[in-house]
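Participant: Quick one: this structure, given as structure tokens, is what I'll be asking you about.
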Amino acid sequence: MTGSDSSQPRPSKKLAGVLSVFQTPYHENESIDFATLETEIQWLYDRGADGIVLAMVSEVLRLSGEERRELAEHACRYGASRGVVVISVGAESSRVAEQYARHAESCGADALMAVPPIAVAVGEDQLLDYYRRIVQAVRIPVVVQDASGYVGRPMTISLQARLLEEFEDRVLFKPEATPIGPRLTALRDATQGRARVFEGTGGIALVDSYRRGIVGTMPGADLIDGLVALWRALQANDERRIYRLSLPISSLVAVQHSLDAFLAVEKYLLVKQGIFKNALVRGPVGYALDEETRREVDRLFDLVQAAVAEK
């Protein structure tokens, strides 16, 4: 985005609540099905999402650079009028991440998110420079994502605190390194409670994370009904409803033990709900949904939906 002053933050929508990470639908030839993507995004907003996110379970690691830019353009076009749009821009080089960042901002994204490079282990000084270049390339906020629960390596609490010290409200965080709860508390305490944090474990750690001070959650699209209901129950401090919802949600998310397991289950459930035409994931894949697991997913999903229906 040429001509912008990246030293001055751009006024933005509130980054909080349930920001759903959308799955990428494909035609049978594995090209992106943009008509179904629009259906998915509108459905997420209709079900109560506060925003949408292009991120890891959108299969960014299996998209070409051109496809990532095209997907970002469509996500902003379909979603910006109804809520927050966050676009992931993490890459293996700072230069490419900067390019993705500027492009997403030019499309109208409200915020960016970035994982560290995952192909090589880089030192803390290199990682700080990587995030500085992304933040300084744009005027919109950047969510620093530690996705080491399934890819990459954990980021230190001190590095994240230093980024907040340098950029203040320009940066938010999505820490997924284990153990989730203690590390979230460590980040909160290291920043005197100033770090704005999103839960990012599909909802399995949402209750505990909420009690530690998060501002929102970024789950997949498949359980949007349950997670919107759970978020609202947490805000209302409705203890009975919190656990009525969180127990089946956590059991279902526990089945999803890897990135490809998340993709397989989430796309299966989107087909089950009539949003996707198929459950295609670009290969090679490290996980396939077998029949017995599918039946357990069905049982748990029914329990989630039953809990949502209770008033």
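The values are calculated or read from the model by the stated rules, or taken from the named source; none is laboratory data. Everything numeric here is computed off the predicted structure, so don't read it as measured data. Every residue, glycine among them, receives a Cβ derived from its backbone with ideal geometry; neighbour counts consider all protein chains shown. Side chains are part of the model used for accessible areas, which takes the heavy atoms of the whole protein and leaves out ligands, DNA and RNA. Shrake-Rupley method; radii C 1.70, N 1.55, O 1.52, S 1.80 Å.
Participant: Taking θ as phi - 60°, what are the ³J(HN,Hα) couplings along the stretch 151-167 by the Karplus curve (6.51, -1.76, 1.60), each to the nearest whole Hz, with x for Gly and Pro?
Facilitator: Rounded to whole hertz, the list is 9, x, 10, x, 8, 6, 4, 5, 5, 5, 5, 5, 4, 5, 5, 6, 10.
Participant: Could you give the length gained by full extension between residue 299 and residue 122, i.e. 0.36 nm per residue of separation minus their alpha carbon distance, to one decimal place?
Facilitator: Details: separation 177, 0.36 × 177 = 63.72 nm, distance 4.30 nm.
Between residue 299 and residue 122, full extension yields 59.4 nm more.
Participant: Which is farthest toward the positive dipole end of the stretch 223-290 among 265, 236, 252, measuring Cα position about the Cα centre, with Cβ charges +1 (Lys, Arg) and -1 (Asp, Glu)?
Facilitator: Of the candidates, 236 comes out farthest on the positive side.
Participant: Using the Cα centre of the chain as the reference point, and only Cβ charges (+1 on K/R, -1 on D/E), how large is the resulting charge dipole? Debye, rounded to the nearest 20.
Facilitator: On the way: 36 positive and 42 negative charges, 162 e Å.
Magnitude of the dipole: close to 780 debye.
Participant: OK, next. Could you work out [θ]222 nm for the chain from helices alone, using -39500 (n - 2.57) per DSSP H run of at least four and dividing by all its residues? Round to the nearest 500 deg cm²/dmol. Write out the running numbers ahead of the final one.
Facilitator: Details: 11 runs with 146 residues, N = 311.
Calculated mean residue ellipticity at 222 nm is -15000 deg cm²/dmol.
Participant: So what is the relative contact order for the chain, in percent, with contacts set as C-alpha pairs under 8 Å and at least six apart?
Facilitator: Relative contact order here is 18 percent.
Participant: Under 8 Å for C-alpha pairs, at least 6 residues apart: give me the relative contact order for the stretch 177-311, rounded to a whole percent. Numbers along the way, then the final one.
Facilitator: On the way: 135 pairs, mean separation 29.0, N = 135.
This gives 22 percent for the stretch 177-311.
Participant: Here's another thing I want to ask about it. Given H placed on each backbone N at 1.01 Å, which residues far from residue 217 in sequence or on other chains put an amide H within less than 5 Å of it?
Facilitator: 17, 18, 19, 199
Participant: Further, regarding this structure: Which percent of the accessible area of the stretch 180-256 is formed by carbon and sulfur heavy atoms (probe 1.4 angstrom)? Don't skip to the end; give the middle numbers.
Facilitator: Details: 1450 of 2860 Å².
Summing carbon and sulfur atoms, their accessible area is 51 percent of the total for the stretch 180-256.
Participant: Under the 0.36 nm per residue contour assumption, what length would be gained going from the current alpha-carbon distance of residue 38 and residue 254 to full extension? Walk me through the numbers before you get to the answer.
Facilitator: Numbers: separation 216, 0.36 × 216 = 77.76 nm, distance 2.87 nm.
Result for the pair: 74.9 nm of gain on full extension.
Participant: Give me, ordered by chain and number, the residues 5 or more places off residue 143 or on other chains with an amide H under 5 Å from its own placed amide H.
Facilitator: It is 112, 113, 114, 172, by chain and number.
Participant: So what are the ³J(HN,Hα) numbers for the stretch 63-76, from phi and the Karplus equation (6.51, -1.76, 1.60; θ = phi - 60°), rounded to whole Hz, Gly and Pro as x?
Facilitator: Going residue by residue, I get 9, 6, x, 5, 5, 4, 5, 5, 5, 4, 4, 5, 4, 5 Hz, with x marking Gly and Pro.
Participant: Something else about it: Suppose R0 equals 30 Å; then what is the FRET efficiency for residue 310 and residue 211 from their Cβ-Cβ distance, rounded to the nearest 0.05? Can you show the working numbers first?
Facilitator: Values: r = 22 Å, r/R0 = 0.74.
Given R0 = 30 Å and the Cβ-Cβ separation, E is 0.85.
Participant: What does the charge count near residue 184 come to, summing +1 for each Lys or Arg and -1 for each Asp or Glu among other residues with Cβ under 9 Å from its Cβ? Let's see the in-between values first.
Facilitator: On the way: positive: 183, 188, 212; negative: 199, 208.
With Lys, Arg at +1 and Asp, Glu at -1, the neighbours total +1.
Participant: Provide the FRET efficiency to the nearest 0.05 for the residue 290-residue 247 pair, computing r from the beta carbons and using R0 = 22 Å. Mind dumping the intermediate values first?
Facilitator: On the way: r = 24 Å, r/R0 = 1.09.
It comes to 0.40.
Participant: Shifting gears a bit: If you find the alpha carbon centre of the stretch 18-65 and of the stretch 167-191, how far apart are they in angstrom?
Facilitator: Taking the Cα centre of the stretch 167-191 as reference, the centre of the stretch 18-65 is 26 Å away.
Participant: Another question, then. Apply the Karplus parameterisation 6.51 cos²θ - 1.76 cosθ + 1.60, with θ equal to phi minus 60°, to every residue of the stretch 126-135 and state each ³J(HN,Hα) to the nearest whole Hz, in sequence, with x for glycine and proline.
Facilitator: Once rounded to whole Hz, the list reads 5, 5, 4, 5, 4, 6, 4, 5, 5, 4.
Participant: Go ahead and collect, in residue order, the members of the stretch 22-58 whose backbone nitrogen is under 16 Å from a label point 7 Å along the Cα-Cβ direction of residue 77.
Facilitator: Flagged as within label range: 25, 32-42.
Participant: When the Cα atoms of the chain are enclosed in a convex hull and the volume is divided per residue, what value in Å³ results? Don't skip to the end; give the middle numbers.
Facilitator: Details: hull volume 38.5 nm³, N = 311.
In the chain, the Cα hull volume divided by residue count equals 124 Å³.
Participant: Given contacts defined as C-alpha pairs under 8 Å and at least six residues apart, what's the relative contact order of the stretch 134-211, whole-number percent? Can you show the working numbers first?
Facilitator: On the way: 99 pairs, mean separation 22.8, N = 78.
Relative contact order for the stretch 134-211 comes out at 29 percent.
Participant: Diagonalise the Cα gyration tensor of the stretch 144-209 and give the resulting equivalent ellipsoid semi-axes, square root of 5 times each eigenvalue, largest first, whole Å.
Facilitator: One finds semi-axes of 18, 13, 10 Å for the stretch 144-209.
Participant: Just the accessible area per residue of the chain, please: how many Å² with a 1.4 Å probe?
Facilitator: Working: 12760 Å² over 311 residues.
About 41 Å² of surface per residue is accessible.
Participant: A further question on this structure: Taking the Kirkwood radius as the inverse of the mean 1/r across Cα pairs, report the Rg/Rh of the stretch 131-251.
Facilitator: Working: Rg = 14.8 Å, Rh = 15.0 Å.
The Rg/Rh ratio comes out at 0.99.
Participant: When the accessible area of the stretch 82-179 is computed with all protein chains present and a 1.4 Å probe, what percentage of it is carbon and sulfur?
Facilitator: Numbers: 1640 of 3580 Å².
On the stretch 82-179, the fraction of accessible area on carbon and sulfur atoms equals 46 percent.
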